[in-house]
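First up is the structure itself, then whatever we jot down about it.
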Amino acid sequence: MAATKYKQQGNCHELAVALKITELGGAVSWPYGDGQAYDLITDFNGVINRVQVKGTYTVRECGSSYVNLAKGSRRNKPYNSSDSDAMIVQPPFGRYVIPIENLDIKTLSVWPIGTRTHQPHYEPYKEAWHLLK
């Protein structure tokens, strides 16, 4: 049975995140099967985190992009600390490392620098890899 387009894209996002983590000196493990609320496990010198990975390749005509950060088939249930420890979001403009307890809105919206007057909500977490260490 062939994987769906979305499953394939999710696998690509997970692999890209795993590559970044290993480049930073961390180790990556995957849970067996698809039954967990997290996609991978990171290990930086014994600091273990369960990580949910979200991403998109879509860029709107105006140059912005967004990623839904909720779970479930209707994508309306928030993640919490019993699900995972962190979420790594991979839109076309960088990566965001967000602790689950700081996940306070269900969508990450980003846009190219200089196209808006305010900073995206999750901008403080852009490339915040230190939060996993």
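For first residues located in the stretch 111-133 and more than 16 Å from P92 (Cβ to Cβ), partners that are modelled with pLDDT of 90 or more and among the basic types (K, R) and lie 6+ apart or on another chain with Cβ distances below 8 Å form the pairs W129/K20.
Return yes when G10 is surrounded by 15 or more Cβ atoms within 10 Å (Cβ to Cβ), touching a Ser or Thr at 6+ places or on another chain (Cβ under 7 Å) and in contact (Cβ under 8 Å) with a residue 12 or more places away in the chain and no when it is not. Criteria not met by G10.
So which residues in the stretch 28-38 are open to solvent by less than 50 Å² (accessible area, probe 1.4 Å) and either closer than 13 Å to K54 by Cβ or not in a loop (DSSP other than H, G, I, E, B) (or both)? Across the stretch 28-38, the qualifying residues are V28, A37, Y38.
Residue-level check: of (1) more than 14 Å from the chain's Cα centre (by Cα); (2) under 18 Å from N68 (Cβ atoms), G10 misses just (1).
Looking only at residues in the stretch 59-106 that are outside any strand (DSSP E or B) and polar (S, T, N, Q), which one is surrounded by the fewest Cβ atoms within 10 Å (Cβ to Cβ)?
S73
Residues that are surrounded by fewer than 17 Cβ atoms within 10 Å (Cβ to Cβ) and part of a loop (DSSP other than H, G, I, E, B): does the stretch 49-58 have at least one?
Yes, there is a match, as at least one residue in the stretch 49-58 is surrounded by fewer than 17 Cβ atoms within 10 Å (Cβ to Cβ) and part of a loop (DSSP other than H, G, I, E, B).
The values are calculated or read from the model by the stated rules, or taken from the named source; none is laboratory data. Computed from a predicted model, the values in this text were never measured in an experiment. A quick note on method: Cβ atoms are made from the backbone with ideal geometry, for glycine too, and the neighbour counts reach across all protein chains shown. The area values use the complete protein model at the heavy-atom level, side chains included, leaving out ligands, DNA and RNA. Shrake-Rupley method; radii C 1.70, N 1.55, O 1.52, S 1.80 Å.
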